[in-house]
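The values are calculated or read from the model by the stated rules, or taken from the named source; none is laboratory data. On a predicted model such as this, the values are computed, not experimentally measured, just so you know. Every residue, glycine among them, receives a Cβ derived from its backbone with ideal geometry; neighbour counts consider all protein chains shown.
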Amino acid sequence: MTIDIAAWDRRLARADTFSCGEASIDRWWREQAGQAERRGSVRLRLAVVDRRVAGFCALTVREVDPAAVGERWRGRPQHVPAVLVARLGVAASLHGLGIGRALIADALRRAGQASAEVGGELVVVDAKNPDVVDFYLRLGFHRSISAPQTLWRGLKPTHALVDAR
């Protein structure tokens, strides 16, 4: 199976019956993803398998309270700039095949590139479901001190990107 990571493609997304099985993420995909991409409030990347949407990742920016992420950032007078994985979904029938890992690897690469140009120190995710927290922990993310379903990972120098293979 070949996983291609591609930019948002409205025609491909509209033609697809994507469902990850998590109601809030499926609803966001159907009702808001395209609008958010067009407004520029997120940037969407698609995982495509056999010309069908197998998954997606939505990235945006965020500031993080230094006290929430650990000792390294404590005592700072201001928030830590971050890239937020706003939504991540993988088709329910394709869970466990590396699609989420490939999307996160792409997100980390893109966040690292953006950080090199405009700054930023973290990638953050608010896990919508406690069952996916372990997925992010296996990819090198750490739990937030203040919110157990918020996870973060440093970007300097894009700390050993996840191997998408």
Legend entry - Odd one out for G75, checked against (1) out of contact with any Lys or Arg (no Cβ under 9 Å at 6 or more places or on another chain); (2) on the phi < 0 side of the Ramachandran plot: (2)
Inset, instruction - Search the range 75-86 for residues that are under 24 Å from R109 (Cβ atoms) and pair each with any residue that is hydroxyl-bearing (S, T, Y) when their beta-carbon atoms are under 7 Å apart and the residues are at least 6 apart or on different chains. - result: L84/T60; A86/T60
Legend entry - Candidate set from the range 85-98 (those that are buried (at least 21 other Cβ atoms within 10 Å of the Cβ) and not small (G, A, S)); member that is nearest to A54 (Cα to Cα): V90
Inset, instruction - Could you identify the single residue in R27, R110, R101 that is surrounded by fewer than 16 Cβ atoms within 10 Å (Cβ to Cβ) and not in a loop (DSSP other than H, G, I, E, B)? - result: R27
Legend entry - Of all residues in the range 114-131 being in a helix (DSSP H, G or I) and without any contact (Cβ under 8 Å) to a residue 40 or more places away in the chain, the one that is surrounded by the most Cβ atoms within 10 Å (Cβ to Cβ): A114
Inset, instruction - Please state which of the following conditions F18 fails to meet, knowing it meets all the rest: (1) under 18 Å from the mean Cα position of the chain (by Cα); (2) within 24 Å of E117 (Cβ to Cβ); (3) of a type in the set (F, W, Y). - result: (2)
Inset, instruction - State all residues of the range 134-154 that are surrounded by 17 or more Cβ atoms within 10 Å (Cβ to Cβ) and either at pLDDT below 85 or outside any loop (DSSP other than H, G, I, E, B) (or both); if no residue qualifies, say none. - result: F135, Y136, R143, T150, L151, W152, R153, G154
